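The values are calculated or read from the model by the stated rules, or taken from the named source; none is laboratory data. Being a predicted model, the structure only gives us computed values, none of them experimental. A quick note on method: Cβ atoms are made from the backbone with ideal geometry, for glycine too, and the neighbour counts reach across all protein chains shown.
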Amino acid sequence: MTWQSLQDDLSETGYVASDDLAMALFLAVTLGKPLLLEGPAGVGKTQIAKTLAELQETKLIRLQCYEGLDASHAIYEWNYQRQLLSIRASAEDHKPSEEVEEHIFSEKFLLARPLLEAIRQEKPAVLLIDEVDRADEEFEAYLLEILSDFQITIPEIGTITATSRPYVVLTSNGARDLSDALRRRCLYNHVDYPDRHTEMAIIAKRCPALEDRLAEQIVGFVQALRREDLEKRPGIAETLDWAAALAGLGVNDLADDPEQTQATLVCLLKTERDRAAVPKEVQQRLVGRAA
C-alpha cells in the first residue's frame with residue numbers, strides 16, 4: 001500500500017483527503033504511531049477514524065473526552081457491586097482477608113473502558129480519542145504510557161501489555177494547548193476547511209444525485225459564508241446536510257425562492273447570533289456571489 005492508494009481508498013468510501021492528510025494517515029498506519037489531527041470543528045477529523053476502521057475492517061473504539069474525564073471512565077474501573085457481593089459471600093464462608101482481597105482484585109472484576117479495551121483486541125482496532133483538548137491536562141499523563149508503550153499499569157494487578165497495537169487517532173479543536181510530551185508521541189496534521197475544489201469533490205462523492213449547477217451554488221455559498229463574521233462557521237457536515245435538505249425540497253437554483261433558501265439556513269447556522277448575522281439581504285448577496 002502507498003499513500004496514494006490509501007488516498008484512493010478513502011475517496012472510494014466518500015472521504016476526500018488532501019495529500020498531506022493521506023500521507024499523515026499512511027505514515028501513522030505503517031509506523032504504528034498515533035496521529036494527532038488538529039483544526040476547527042466540522043472538518044472531518046472524527047470521520048477519518050471511522051473511515052480508517054471501515055477500510056481496515058476492524059472495530060472502532062471511541063473515547064469522547066470532556067472536562068473532568070478520569071482514568072475510571074477512560075481506562076478501567078472495578079465492578080464495585082460484584083466485589084461487594086463477593087466480599088459478603090466470602091465473609092459467610094469465613095475466608096481469610098488476604099484471599100478475599102486477591103480474589104476481588106482480579107480480572108474477573110475488571111471493567112475495561114475504551115483505552116484498555118483497545119489494547120486487548122485480538123485484531124488491531126482503531127482507537128479514536130476525540131476532542132482530547134477538552135480533557136484536563138492531568139488526563140494527558142494517563143495517555144502517555146499508553147501512547148508510548150501501549151501498556152496499562154493497574155496497581156492491584158500489574159502491567160497489562162497490548163494484545164495488539166491499535167491505530168490511534170486523536171482529534172483536537174484547539175480549545176487549549178496540548179502538552180509537548182503528548183505531541184512528541186504523535187504524528188501531526190492540521191485539518192482545515194476544504195477549498196472550493198475539494199468541497200466540490202466531497203459533494204460529488206456524498207451527494208452524487210445532486211445537479212452540478214446546484215452543487216456549485218451550494219459550495220460557493222458555503223465558502224462565502226465562512227468568510228462572514230460568524231461564531232461557528234459551517235463545516236463539511238453542515239454543507240452535506242444543507243445539500244440533502246435542498247435536494248429533498250426539490251430546489252434547482254438558490255435564487256428561485258429566497259424565502260425558502262433563507263429558511264433552510266438552519267442547516268448551516270447553529271447559533272442565534274449567526275442567524276441574526278445572515279438576514280435575507282446577506283443571504284441574497286451570498287447567493288449572488290455563489291452564482
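Quick notes
- Which listed residue, of Arg233, Arg176, Arg206, Arg165, is crowded, with 18+ Cβ neighbours inside 10 Å, of a type in the set (D, E, K, R) and within 20 Å of the chain's Cα centre (by Cα): Arg233
- Residue check, Arg184 within 30 Å of Ile146 (Cβ to Cβ), surrounded by fewer than 20 Cβ atoms within 10 Å (Cβ to Cβ), within 26 Å of the chain's Cα centre (by Cα) and not acidic (Asp, Glu): yes
- Residue in region 236-254 that is surrounded by fewer than 19 Cβ atoms within 10 Å (Cβ to Cβ), touching an Asp or Glu at 6+ places or on another chain (Cβ under 8 Å) and either outside the structural domain of Thr13 (by TED's automatic domain parsing) or over 25 Å from Gln7 (Cα atoms) (or both) present: yes
- Annotation: of all residues in region 150-167 being assigned to a loop (DSSP other than H, G, I, E, B) and of a type in the set (A, V, I, L, M, F, W, C), the one that is farthest from Leu116 (Cα to Cα) is Ile157.
- Filtered residues of region 114-169 (kept if at pLDDT 85 or above and aromatic (Phe, Trp, Tyr)): Phe139, Phe150, Tyr167
- Look at (1) surrounded by fewer than 16 Cβ atoms within 10 Å (Cβ to Cβ); (2) under 19 Å from Pro114 (Cα atoms); (3) in contact (Cβ under 8 Å) with a residue 24 or more places away in the chain and you find that Glu57 fails only one, number (3).
- The residues in region 203-218 that are touching a helix residue (DSSP H, G or I) at 6+ places or on another chain (Cβ under 6 Å) and touching a residue at least 40 places away in the same chain (Cβ under 8 Å) can be counted, and the count is 5.
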